[in-house]
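Report on one structure; see the data block that follows.
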Amino acid sequence: MNSANGHSTVLPKTADIVILGAGVMGASIAFHLAKRKVGRIVVIDKDHVARGGSGRSSALVRMHYSFAPEVEMALISLRMFQNWQEVVGQPGDFRKTGFVRIVHPNETARLKLNVEMQRQLGANVDLIDRHQLQELEPDWNVDEVELAAYEADSGYGDGAGVAGDFLGAAREMGVGYFSRTQATAFGVEAGSVRTVVTDQGTISAPIVISAMGPWTRPLFQQIGCDLPIECEYHQVAILRNAPEMKGGGCACIDSVTATYFRSDAHDKFLVGDFYGKRPVDPDNFPQRASDDSLEEIIERACRRVPKLEGAEVMRGVTGVYDMTPDSRPLLGQIPEIRGLYVCAGFSGMGFKISPAIGLVMSELVLEGKSRSVDITAFRPSRFAENQPIKAEYEYVDD
Ligand SMILES: Cc1cc2nc3c(=O)[nH]c(=O)nc-3n(C[C@H](O)[C@H](O)[C@H](O)COP(=O)(O)OP(=O)(O)OC[C@H]3O[C@@H](n4cnc5c(N)ncnc54)[C@H](O)[C@@H]3O)c2cc1C
């Protein structure tokens, strides 16, 4: 059966590749695989595109990571965000605002070393002192800042837009998309994945890529594979600028106040928290942020941006992070099961690298190894091997 726009509405019985989840990751993977014309690709989502963390994302885009492969993926992604029209044929929502990273005063030496590493990889990042930062952001209180990292090209995007654009472009290239189709089990035989059982029927495929974010763990537990992903609840405040605020300005991740913030359009401001609450059920978490929590987050951000004191809280956004023990994603084939791949555990930081993730996952699946960025360190077996990722100059709150 076909819908009005010619897309089938009945889940096929077979495919070459099945992708579970239509967030930014599943959609990006589908797009990159479709570009390489690798046969029949099907994406299913238990809800619909960007209904998970992707549609709730604060969507900051920055190059500042302490682990080089993450910087490389952020750089590849930035180039795609900047050239969105060429990449997916849509205008895109990326806004270049500039980005500032403020670390704890006792981590300034690490900041310098990380910036050096980022520059070597091609990031447009500078170290700026207190006076330069004050000039850049006159409304910020920068009294204790000795040095900060400044990225002129970074900013923020939109998770629903990115997932929708990738999926739309993938469908134009022939990818089948089935919303309201929930994977309920994997069929595994002789060490290889054979099928995905869904509430709309069973689909056979030799390659299955799971990009289900916070919902990943239970499905893998059924086949005896316990991926260490825990769900963590987060709240974000959206404020209307106080009349004396000029609007716009740099996005910032600030270890001193343990907040991140950015402008939102020209007259709003978004503030998020470093820390969340565990455990939480991704199918049953508060959809409304609590006034007390938002108040507390905003109070901390006010230490950096005192004019926020007079800003009106418009609304709260709530969401779930899929946390791993080293706060880095699990990317790769499940060791005991040929053809079954996981791409999840982005620990609240996935949006900004999602364009590159589609690229590296497509290379891994088709060629056995990612050429664009070496992602071996992210292999799902690293915790069992006692080899979690630890960057050389990691921050205490990385
Ligand atoms: C409040 C918040 C703020 C954030 N801020 C930032 C930020 O500033 N910068 C940044 O880089 N990142 C940020 N992130 C993180 C980023 O948004 C996520 O890492 C990214 O969106 C994850 O995308 P995903 O595709 O892996 O997962 P999701 O978007 O969660 O998608 C998973 C999809 O899988 C589907 N699914 C689940 N189970 C099944 C099943 N059994 N069968 C079929 N489909 C299924 C779901 O319906 C969902 O659509 C933030 C996240 C949140 C929640």
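Remarks
- Of all DSSP beta bridges in the chain, antiparallel share, percent nearest 5: 70 percent
- Averaging the Cα positions of each part gives two centres, and for region 136-200 and region 263-331 these lie 19 Å apart.
- A Cβ-based charge dipole, computed about the Cα centre of region 274-336 with Lys and Arg at +1 and Asp and Glu at -1, lands at about 280 debye.
- The Kirkwood radius of region 280-326, taken over pairs of alpha-carbon atoms, gives through the Stokes-Einstein law at 10 °C and 1.306 mPa s a diffusion coefficient of 125 µm² s⁻¹.
- Relative contact order (%) - criterion: Cα under 8 Å, at least six apart; region: region 110-267: 12 percent
- Taking the alpha carbon gyration tensor of region 310-398, multiplying each eigenvalue by 5 and rooting it gives semi-axes of 28, 17, 13 Å, largest first.
- Given +1 at the Cβ of Lys and Arg, -1 at the Cβ of Asp and Glu and no other charges, the dipole of region 36-151 around its Cα centre is 900 debye to the nearest 20.
- If the convex hull is drawn through the Cα atoms of the chain, its volume per residue in Å³: 135 Å³
- Projecting label points 7 angstrom from Cα along Cα→Cβ for residue 173 and residue 199 puts them 3.0 nm apart.
- The angle separating the long axis of helix 108-120 from the principal Cα axis of greatest extent in the chain is about 50 degrees.
- Evaluated with a Cβ-only charge set (Lys, Arg +1; Asp, Glu -1), the chain carries a dipole of roughly 1440 debye about its Cα centre, given to the nearest 20.
- Largest first, the three principal axis extents of the alpha carbons in region 134-192 are 61, 32, 19 Å in whole numbers.
- Which of 113, 103, 222, positive extreme of dipole for the chain (C-beta unit charges): 222
- Rounded, prolate or oblate (a/c below 1.5 giving rounded, otherwise prolate when a/b exceeds b/c) for region 271-354 by Cα gyration tensor: prolate
- Residues of region 310-328 falling in the label zone of residue 295, defined by backbone nitrogen less than 17 Å from a point 7 Å along Cα to beta-carbon, are 310-316.
- Distance between modelled label sites at residue 315 and residue 79, nm, 7 Å Cα→Cβ extension: 3.6 nm
- Across all directions, the average projected area of the convex hull around the alpha carbons of region 248-398 is 11.5 nm².
- Within the chain, the longest segment free of exposed loop sites, counting trypsin sites (Lys or Arg not before Pro) that fall outside DSSP classes H, G, I, E and B and have at most 14 other Cβ atoms within 10 Å, spans 41-179.
- Positive-end residue, the chain charge dipole about Cα centroid, Cβ charges, pick of 212, 68, 12: 12
- Derived scalar couplings ³J(HN,Hα) [region 12-22; Karplus, 6.51 cos²θ - 1.76 cosθ + 1.60; whole Hz; x for Gly, Pro]: x, 7, 9, 7, 7, 9, 10, 10, 9, x, 10
- Net length gained if the chain between residue 126 and residue 386 were fully extended (0.36 nm per residue, minus Cα distance): 90.1 nm
- Separation in nanometres of the label points that stand 7 Å from Cα toward Cβ, at residue 258 and residue 116: 3.1 nm
- With N as its number of residues, region 1-152 has a Cα radius of gyration that, divided by 2.2 N^0.38 Å, comes to 1.39.
- Rounded tilt (10° steps) of 354-367 against the dominant C-alpha axis of the chain: 30 degrees
- Förster-model FRET efficiency, 45 Å R0, residue 376 and residue 244, C-beta, rounded to 0.05: 0.35
- Binning the alpha carbon pair distances of region 53-96 at 5 angstrom intervals from zero yields the distribution 5, 21, 22, 25, 19, 6, 1, expressed in whole percent.
- For the chain, with +1 on Lys and Arg beta carbons and -1 on Asp and Glu, the positive-most of 164, 276, 249 along the dipole: 164
- Estimated [θ] at 222 nm from DSSP helical runs (n ≥ 4, -39500 (n - 2.57)) normalised by residues in the chain, nearest 500: -7500 deg cm²/dmol
- The long axis of helix 291-304 is offset from the longest Cα principal axis of the chain by roughly 50 degrees.
- Normalised per residue, the volume of the convex hull around the Cα set of region 101-206 (Å³): 237 Å³
- Which listed pairs, of 35/96; 112/390; 96/352; 37/369; 268/307; 96/246, have C-alpha distances above 24 Å, in listed order: 35/96
- Per-residue HN-Hα couplings for region 376-390 [Karplus 6.51, -1.76, 1.60; θ = phi - 60°; Hz; x = Gly/Pro]: 4, 4, 8, 4, x, 7, 5, 6, 4, 8, 6, 10, x, 6, 9
- Based on alpha carbons, the Rg and Dmax found for region 21-86 are 13.8, 38 Å.
- Region 314-351 residues near the modelled residue 192 label - backbone nitrogen below 12 Å, point 7 Å along Cα→Cβ: 338-340
- Mean separation of Cα pairs under 8 Å and 6 or more residues apart, divided by the residue count, gives region 257-398 a relative contact order of 17 percent.
- Relative contact order of the chain, pairs being alpha-carbon contacts under 8 Å that are 6 or more residues apart, as %: 23 percent
FYI, it's all coordinate maths here, none of it is from the lab. Just so it is clear, the model here is predicted, and its values are computed rather than measured. Note that each Cβ is placed from the backbone with ideal geometry, even for glycine, and that neighbours are counted across all protein chains shown.
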